[in-house]
Amino acid sequence: MLKVSKRLIAVTGMRDIVQRRIPVMVLDSKRAGPVVWLTGCIHGDEPGGAAVIQDVFKELREMGLECGAVYALPLINSTGFENVSRFINSEREDLNRCFPGDAKGTAGQRIARRIFDLILETRPALVIDLHNDWVQSVPYVVLEPRSKFLDQGLRKRVVEQAATTDLLVVQEPESTASTTLTGALTESGVSAFTIEAGGACGIVESNVSAGKAAILGVLEHLRMVARCREAGNRLLDSIHVLEYSNQPLCTTSGIIRFAVMPGEAVACNQEVGRVYSAFGSVEETLRVTRSGYVLGISDHARAMPGSEVIAIAEFTNSESNTWETKKMKARPQ
Ligand SMILES: [Zn+2]
């Protein structure tokens, strides 16, 4: 059985009370091949990635690694994890907005730099950053916006790799910050994407299984593991990148009730929810502007003007018109 190397590395570059160490796991086949990184819990209140990584490593120890190596940072934000917080400290620094980092910068920038260098020096073929989303959400892959890819060959490779997860694949809007781990890696020419592995708030075992299956699918595609599942269970007929959307936003305040569930297909102009006043009258009916799939719905019943309450994987306008021909074979899990 393959042995997992485990170590703790110092990440802040300081020796005073704010020094922190984070766990690193490595499974090395000792044969030439791709290096894949898995990172989890960069947001301390999204612990699902740590469980996914642990289960992937357990599986790999048993089934073996054909070639290359898998590296993992299962629990990057230990302070956030302890405090059940997205942030790394009381300054509310979001580590996933600090990349590529700065060795002499803020605590977040120092940690980011250390992690970024650690990953880059292994010349990775792919980095998968694991997050969690709203409690009621399906697992899905998020790609960086098209403009962040220096060459379209890299984007093509990332799309192919993302498709082998068998999850819905969406692309971030162009307005997305590039200071995320995957954003900074993409700008450095490294294949990287995010998996939103279902809801945060404790470990949901079905989401852990989905995340593990997604990663094993990618490793199979890279020929790092032997065939581990049946081919042909793609959700869509072809490799398809949809657009991430947080529309419609609420324009009124009240109590929101949804008419759809995560994973459901929605047609253009379909009602997805209503906002009710305290007396029960309908203040607003929310409708999607394009067809697609519901990724997740808000954790909160409270609607306010401008509130984001739903996430949709949308087809583009032209695709939306021919949506019937692109219908899913099956609903996401
Ligand atoms: Zn996150």
inquiry  = Considering only residues that are touching a strand residue (DSSP E or B) at 6+ places or on another chain (Cβ under 9 Å) and in a loop (DSSP other than H, G, I, E, B), which ones fall in the range 150-175?
reply    = THR165, LEU167, GLU172, PRO173
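Based on what the data block shows, is THR179 within 15 Å of the ligand (Cβ to nearest atom) and either among the polar types (S, T, N, Q) or assigned by TED's automatic domain parsing to the domain that holds THR316 (or both)? Give the steps one after another, and end with the answer.
Details: within 15 Å of the ligand (Cβ to nearest atom): yes; either among the polar types (S, T, N, Q) or assigned by TED's automatic domain parsing to the domain that holds THR316 (or both): yes.
The answer is yes for THR179.
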ask   = Looking only at the range 194-229, which residues are within 16 Å of the ligand (Cβ to nearest atom), surrounded by fewer than 20 Cβ atoms within 10 Å (Cβ to Cβ) and within 19 Å of LEU295 (Cβ to Cβ)?
value = CYS201, VAL204
remark   = Of the residues in the range 179-193 that are touching a Pro at 6+ places or on another chain (Cβ under 9 Å) and open to solvent by 10 Å² or more (accessible area, probe 1.4 Å), the one that is nearest to ILE119 (Cα to Cα) is VAL190
request  = Check off (1) within 13 Å of the ligand (Cβ to nearest atom); (2) on the phi > 0 side of the Ramachandran plot for GLY64 and give me the number that stays unchecked.
outcome  = (1)
query = Do we find that ASP133 is open to solvent by 20 Å² or more (accessible area, probe 1.4 Å) and either within 14 Å of the chain's Cα centre (by Cα) or not assigned by TED's automatic domain parsing to the domain that holds PHE193 (or both) in this structure?
reply = yes
Residue among ALA72, ALA50 that alone is in a strand (DSSP E or B), under 19 Å from the mean Cα position of the chain (by Cα), at pLDDT 95 or above and surrounded by 14 or more Cβ atoms within 10 Å (Cβ to Cβ) = ALA72
note = Taking the range 37-60 and keeping only residues that are more than 16 Å from the ligand (Cβ to nearest atom) and out of contact with any helix residue (DSSP H, G or I) (no Cβ under 7 Å at 6 or more places or on another chain), one is left with GLN54, PHE57, LYS58, LEU60
ask   = Considering only the range 5-47, how many residues are open to solvent by 20 Å² or more (accessible area, probe 1.4 Å), part of a loop (DSSP other than H, G, I, E, B) and in contact with a Leu (Cβ under 7 Å, 6 or more places away or on another chain)?
value = 1
message = Out of the residues in the range 75-87 meeting the condition of being within 16 Å of the ligand (Cβ to nearest atom) and part of a helix (DSSP H, G or I), tell me which one is most open to solvent (accessible area, probe 1.4 Å).
response = PHE81
task = Provide a single number: the residues in the range 88-134 that are in a strand (DSSP E or B), more than 14 Å from the ligand (Cβ to nearest atom) and under 19 Å from PRO23 (Cβ atoms).
result = 1
task = Only one of these is closer than 18 Å to LEU222 by Cα and within 16 Å of the ligand (Cβ to nearest atom): VAL141, VAL159, VAL170. Name it.
result = VAL141
query = In the range 291-311, what residues are closer than 11 Å to SER245 by Cβ and open to solvent by 10 Å² or more (accessible area, probe 1.4 Å)?
reply = GLU308
ask   = Only one of ALA265, ALA303, ALA259, ALA278 is outside the structural domain of GLN171 (by TED's automatic domain parsing), under 25 Å from the mean Cα position of the chain (by Cα) and not aromatic (Phe, Trp, Tyr); which?
value = ALA265
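The values are calculated or read from the model by the stated rules, or taken from the named source; none is laboratory data. Every value quoted in this text rests on a predicted model; they were computed, and no experiment measured them. Cβ sites come from the backbone with ideal geometry, for glycine too, and all protein chains shown count toward neighbours. When the accessible area is computed, the model is the full protein with side chains, heavy atoms only, and any ligands, DNA or RNA have been set aside. Shrake-Rupley method; radii C 1.70, N 1.55, O 1.52, S 1.80 Å.
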